[in-house]
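Beneath this line is the structure, given in C-alpha cells, with notes to follow.
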Amino acid sequence: MSHTTILEPLAEEQWFIDSPDLRQFVAVAIDINYRTSSGDRAETLNALEPYFSQLLKKQGWLPERFLQPNPDSRIGGEIGQWLLYRSQDRSLTIFSLVIPPSSTTPVLDHLAWGLVGLYKGRQEDTVYRRVDKGDVEGCAKLEIVETRQLRVGDIYRLLPPDGDIHAVKTTTVFAPSVSIHVIGNDTGCVLRHQFNPEQESVRSFRSGYSNAFCKE
C-alpha cells in the first residue's frame, strides 16, 4: 500500500509567522535542499541538522498561537499541527506539532525525509518498522524498533523507511509538548498512512493543518 500524491505548486511560498530566525533557517534549508536534491538524502540531513539545532535553542521565536492544542484536530486528541512555512513547490514544509499532556499521536508515517526537534516539554517516541510485504490492502504488520525519551533540543531523523513510522506521547503532566518538523513534502496535505499495530491494519489519511486548508 503506497501513495504518490501529486499536488499543484502554490502561487507563491507561504509564511504563517513573521520571524527573522525562521526566515534565516528557511533560506539555509532551501539552499541545502537544492544542492543535495539529486543525491543521498542523508547528506541533506547531515548538512541541515546543525542549523536546525541552533533554531531550537532560540526560544521565543514561535508565537503563542502555534504552541496550542487544536480541539478540531484531524489527527485526533486535540493535537495541533500548525503550519509555519511552505515552499512554493511544496518540497519543504515546517510546522509545529502540539500534543496535549499525556496524549499520544496515532502510529503514522511521513513519506519524506525530515528532521524533528523538541521545542518544549518532554516526549516518548516509539519507532516502528513494517515487517510485512505490504501486498494485502488494509493490512500491515509492525514491530517496535526503539523507544526513546526526548528532552528539549533533542533531534531525530526521518529517512524512509528508517524512522518514518512512529507514535509520540507527551510525558509532561501539566503542559503540552511542542516539536518542530522540517519535512521534504507537504506533510499535512499528502495522503499517508495511519497504522493500528494491535489490529495489524493500516488506512490512508490526510492529517491537514490547524491553520491551512488542503484541496481534497
inquiry  = Condition (residue is polar (S, T, N, Q), within 17 Å of the chain's Cα centre (by Cα), loosely packed, with under 15 Cβ neighbours inside 10 Å and within 24 Å of Lys169 (Cα to Cα)) applied to the range 64-85: is it met by at least one residue?
reply    = no
message = So Glu43 passes all but one of these: (1) open to solvent by 70 Å² or more (accessible area, probe 1.4 Å); (2) part of a helix (DSSP H, G or I); (3) closer than 21 Å to Leu97 by Cβ. Which condition number does it fail?
response = (3)
task = Would you point out which residue out of Asp109, Asp31 is among the acidic types (Asp, Glu) and under 23 Å from Phe195 (Cβ atoms)?
result = Asp109
inquiry  = Of everything in the range 128-146, what is of a type outside the set (D, E, K, R), open to solvent by 60 Å² or more (accessible area, probe 1.4 Å) and not in a strand (DSSP E or B)? Give them in sequence order.
reply    = Val131, Val136
Sole exception among (1) among the acidic types (Asp, Glu); (2) surrounded by 20 or more Cβ atoms within 10 Å (Cβ to Cβ); (3) without any contact (Cβ under 8 Å) to a residue 60 or more places away in the chain; (4) not in a strand (DSSP E or B) for Asp125, by number = (4)
note = Apart from one, (1) without any contact (Cβ under 8 Å) to a residue 60 or more places away in the chain; (2) among the charged types (D, E, K, R); (3) under 17 Å from Leu118 (Cβ atoms) all hold for Glu49; the odd one out is (1)
Test for Asp18: is it open to solvent by less than 100 Å² (accessible area, probe 1.4 Å) and of a type in the set (D, E, K, R) = no
note = Ser102 fails exactly one of (1) among the hydroxyl-bearing types (Ser, Thr, Tyr); (2) surrounded by fewer than 22 Cβ atoms within 10 Å (Cβ to Cβ); (3) in a strand (DSSP E or B); (4) in contact (Cβ under 8 Å) with a residue 24 or more places away in the chain, namely (3)
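The values are calculated or read from the model by the stated rules, or taken from the named source; none is laboratory data. These numbers were taken from a predicted model, which means no experiment stands behind them. When we count neighbours, we look across all protein chains shown, and the Cβ atoms used for this are built from the backbone with ideal geometry, even at glycine. Each accessible area value is taken on the protein alone, full model and side chains, heavy atoms only, with ligands, DNA and RNA left out. Shrake-Rupley method; radii C 1.70, N 1.55, O 1.52, S 1.80 Å.
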